[in-house]
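Have a look at the structure below, then the notes.
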Amino acid sequence: VHLVESGGGLVQGGGSLRLSCQASGRALSDYGVGWFRQAPGKEREFVAAMSRDDRMTIYSDSVKGRFTISRDNVKNTAYLQLSSLKPEDTAVYYCAAHISGVLRYINSYDYWGQGTQVTVSS
């Protein structure tokens, strides 16, 4: 499956963005979906994930209550709604497709998009 993220940009603190992850080549519903982010000089970190059957969604503590993961299987697209953004949310955000393994572990993911930049000003 091929993944392409979009929707990033520059936003003021407290603002919102919706990131999209368009899948092609295979149905995104065949996979769990995760979002990760990487800030300059830091390791890529888990943000949110949704299981293949959509029964389970999990979030990192730093974004819980502010970000929401979802998907539209008809559009073959996953989303990450970012709200109440903070400067520390600034990073490149990546979506990834997961076949098996623990959802919050980066090594569980088999396919990755190229990333979309989110910059939050103070």
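The values are calculated or read from the model by the stated rules, or taken from the named source; none is laboratory data. In this text the structure is predicted, and so the values were computed from the model without any measurement. As a convention, Cβ positions derive from the backbone with ideal geometry for all residues, glycine included, and neighbour counts pool all protein chains shown. Just so you know, the surface numbers come from the protein's heavy atoms only, side chains and all, with ligands and any DNA or RNA stripped out. Shrake-Rupley method; radii C 1.70, N 1.55, O 1.52, S 1.80 Å.
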Practice prompt. Using a/c under 1.5 as the rounded threshold, could you call the chain rounded, prolate or oblate? The axes a ≥ b ≥ c are square roots of the C-alpha gyration tensor eigenvalues, and prolate needs a/b larger than b/c, oblate otherwise.
Written response: prolate
Worksheet item: Given Cα pairs under 8 Å that are at least 6 residues apart, what percent is the relative contact order of the chain?
Response: 36 percent
Response to the item:
Given a Förster distance of 22 Å, the FRET efficiency implied by the Cβ-Cβ spacing of SER6 and LYS64, rounded to the nearest 0.05, works out to 0.35
Worksheet entry | Accessible surface, per residue, of segment 1-73 when the full set of protein chains is kept, probe 1.4 Å, Å² | 53 Å²
Worksheet item: Of all accessible surface on the chain at a 1.4 Å probe, what whole percent is carbon and sulfur?
Response: 47 percent
Worksheet item: Where both residues lie in the chain, what percent of DSSP beta bridges are antiparallel, nearest 5?
Response: 90 percent
Worksheet item: Which lysines have a Cα lying under 21 Å from the Cα of LYS42, excluding residues fewer than 8 positions away in the same chain?
Response: LYS64, LYS86
Worksheet item: Put a dot 7 Å past each Cα toward the Cβ at GLU88 and TRP112; how far apart are the dots in nm?
Response: 2.4 nm
Worksheet item: Given a cut-off of under 8 Å on Cα pairs at least six residues apart, what relative contact order in percent is computed for segment 77-122?
Response: 46 percent
Discussion item. Can you tell me, using C-alpha contacts under 8 Å and at least 6 residues apart, the relative contact order of segment 47-107 as a whole percent?
Written reply: 28 percent
Worksheet item: Put a dot 7 Å past each Cα toward the Cβ at ARG55 and LYS42; how far apart are the dots in nm?
Response: 3.3 nm
Fill in: Relative packing of 41-50, 1-10, which averages over residues the other C-beta atoms within 10 Å, highest first
41-50, 1-10
Fill in: segment 79-112 and segment 42-68: distance between their alpha carbon centers, rounded to Å
7 Å
